[in-house]
Amino acid sequence: MPSFLECRDVGYTYHSLNGETNALEHISFTVDEGEFVAIVGPSGCGKTTMLSLLCGQLTESTGEILFRGKPLREHIDFHIGYMPQQDQLFEWRNIYGNVTLGLEIQKKLTEENQSYARKLMEEYGLWEFRHVRPSQLSGGMRQRAALIRTLVLRPSLLLLDEPFSALDYQTRLSVADDIYQIIKKEHKTAILVTHDLSEAVSMADRVVILSKRPATVLKEVETTFEMEQRTPMKARNMAGFKEYFNEIWEVLQCQ
Ligand code: ADP
């Protein structure tokens with residue numbers, strides 16, 4: 001059976017007036033349905049380029065990206081949910097208006113989708129805040145609203161691009177816990193790009209380590225913790241956490 005998502009020998013080269021920049025080379029990895037994969041690597045190695053390829057903003061120069069065995073762009077039912085570094089909620093809309101903005105833009109504000117938005121907002125404690133403006137919510141609640149805005153569009157794959165980097169450290173830990181639990185409860189498949197190794201180990205089922213530019217996959221590390229219900233916060237206190245962190249750290253240092 002084909003993988004849910006597969007990057008097969010993917011390469012990408014930027015062409016500009018100043019010449020060529022080879023950003024990615026021979027990138028191969030797979031993502032299973034429901035899996036949470038983190039991509040880590042040094043700054044400038046090509047992580048954002050990788051996300052842009054998965055979003056379809058860029059087209060791979062070599063290789064191919066397959067969804068259930070078929071090239072991404074041949075799927076009309078493949079939808080990406082993107083969570084950026086800033087929550088990008090609009091102050092001139094209330095929380096309900098923000099959550100349903102994507103549905104409105106895509107002309108999918110059907111009764112069924114509106115009741116799905118309501119269900120998610122109720123389930124994750126946002127319904128009572130539906131009439132308030134984003135500035136009246138805490139950083140954590142704003143991130144939750146941003147995630148639900150993405151989930152109402154029923155994405156096949158969630159891309160998280162350093163989604164907690166604008167938050168202070170303490171908030172970041174609890175928001176990561178919160179977002180992780182929503183993603184798992186909704187059985188979503190997610191790819192997280194981060195430079196924070198602790199964040200990657202605590203949240204991901206598997207960490208893909210990229211080399212310096214042009215990025216190739218140096219190693220994949222599966223992170224399993226023996227606990228009944230995993231949460232990123234609990235994972236940080238587990239025995240294996242430090243070992244996984246050190247393993248990834250060493251791979252990054254040895255290139
Ligand atoms: P990361 O997200 O890991 O920091 P990027 O994917 O942003 O890395 O960039 C990878 C490399 O490609 C960098 O060397 C960057 O300078 C280069 N790059 C990114 N965007 C462009 C562009 N539009 N034109 C030329 N080079 C680019």
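The values are calculated or read from the model by the stated rules, or taken from the named source; none is laboratory data. Small disclaimer: the values here were computed from a predicted structure and weren't measured. Neighbour counts are summed over all protein chains in view; Cβ atoms, including those assigned to glycine, are modelled from backbone coordinates with ideal geometry. Side chains are part of the model used for accessible areas, which takes the heavy atoms of the whole protein and leaves out ligands, DNA and RNA. Shrake-Rupley method; radii C 1.70, N 1.55, O 1.52, S 1.80 Å.
Considering only region 28-42, I want to know if a residue exists there that is without any contact (Cβ under 8 Å) to a residue 40 or more places away in the chain, outside any loop (DSSP other than H, G, I, E, B), hydrophobic (A, V, I, L, M, F, W, C) and farther than 21 Å from residue 182 by Cβ.
no
Does residue 16 satisfy the criteria of being within 16 Å of the ligand (Cβ to nearest atom), over 27 Å from residue 168 (Cβ atoms), open to solvent by 20 Å² or more (accessible area, probe 1.4 Å) and in contact with a Phe, Trp or Tyr (Cβ under 8 Å, 6 or more places away or on another chain)?
no
With the structure loaded, tell me whether residue 25 is of a type in the set (D, E, K, R), open to solvent by 10 Å² or more (accessible area, probe 1.4 Å) and more than 16 Å from the ligand (Cβ to nearest atom) or whether it fails that test.
It is false that residue 25 is of a type in the set (D, E, K, R), open to solvent by 10 Å² or more (accessible area, probe 1.4 Å) and more than 16 Å from the ligand (Cβ to nearest atom).
Regarding region 123-141, can at least one residue be identified that is open to solvent by less than 10 Å² (accessible area, probe 1.4 Å), among the β-branched types (Val, Ile, Thr), assigned to a loop (DSSP other than H, G, I, E, B) and without any contact (Cβ under 8 Å) to a residue 60 or more places away in the chain?
No, region 123-141 has no match at all.
Residue 109 is checked against (1) in a loop (DSSP other than H, G, I, E, B); (2) at negative phi; (3) within 16 Å of the ligand (Cβ to nearest atom); (4) not hydroxyl-bearing (Ser, Thr, Tyr) and fails just one. What number does that condition carry?
Unmet for residue 109, out of (1) in a loop (DSSP other than H, G, I, E, B); (2) at negative phi; (3) within 16 Å of the ligand (Cβ to nearest atom); (4) not hydroxyl-bearing (Ser, Thr, Tyr): (3).
Just checking, how many residues over region 62-77 are surrounded by fewer than 17 Cβ atoms within 10 Å (Cβ to Cβ) and modelled with pLDDT under 90?
Of the residues in region 62-77, 5 are surrounded by fewer than 17 Cβ atoms within 10 Å (Cβ to Cβ) and modelled with pLDDT under 90.
Give the number of residues within region 158-179 that are under 21 Å from residue 240 (Cβ atoms) and either open to solvent by less than 10 Å² (accessible area, probe 1.4 Å) or at pLDDT 95 or above (or both).
Result for region 158-179: 1.
Go through region 49-58 and give me each residue that's free of Cβ contacts under 8 Å to residues at least 12 places away in the same chain and part of a loop (DSSP other than H, G, I, E, B).
Within region 49-58, just 57 meets the criteria.
Does residue 110 satisfy the condition of being under 19 Å from residue 53 (Cβ atoms) and at pLDDT 95 or above?
no
Give region 30-42 a look and list any residue that's more than 10 Å from the ligand (Cβ to nearest atom) and open to solvent by less than 10 Å² (accessible area, probe 1.4 Å), or say none.
31, 36, 37, 38
Checking the conditions here, which among 81, 46 is farther than 15 Å from residue 148 by Cβ and either open to solvent by less than 70 Å² (accessible area, probe 1.4 Å) or without any contact (Cβ under 8 Å) to a residue 40 or more places away in the chain (or both)?
Only one candidate qualifies: 46.
For residue 59, state whether it is away from the ligand (no atom under 12 Å from the Cβ), under 21 Å from residue 193 (Cα atoms), open to solvent by 60 Å² or more (accessible area, probe 1.4 Å) and of a type in the set (Val, Ile, Thr).
For residue 59, the condition - away from the ligand (no atom under 12 Å from the Cβ), under 21 Å from residue 193 (Cα atoms), open to solvent by 60 Å² or more (accessible area, probe 1.4 Å) and of a type in the set (Val, Ile, Thr) - is met.
One line per residue, one yes/no per condition, for (1) within 16 Å of the ligand (Cβ to nearest atom); (2) within 22 Å of the chain's Cα centre (by Cα):
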{"position": "52", "(1), (2)": "yes, yes"}
{"position": "55", "(1), (2)": "yes, yes"}
{"position": "66", "(1), (2)": "no, yes"}
{"position": "72", "(1), (2)": "no, yes"}
{"position": "81", "(1), (2)": "no, yes"}
{"position": "91", "(1), (2)": "no, no"}
{"position": "94", "(1), (2)": "no, no"}
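Which residues, taken from region 84-106, are open to solvent by less than 70 Å² (accessible area, probe 1.4 Å) and outside any helix (DSSP H, G or I)?
84, 87, 89, 93, 94, 100
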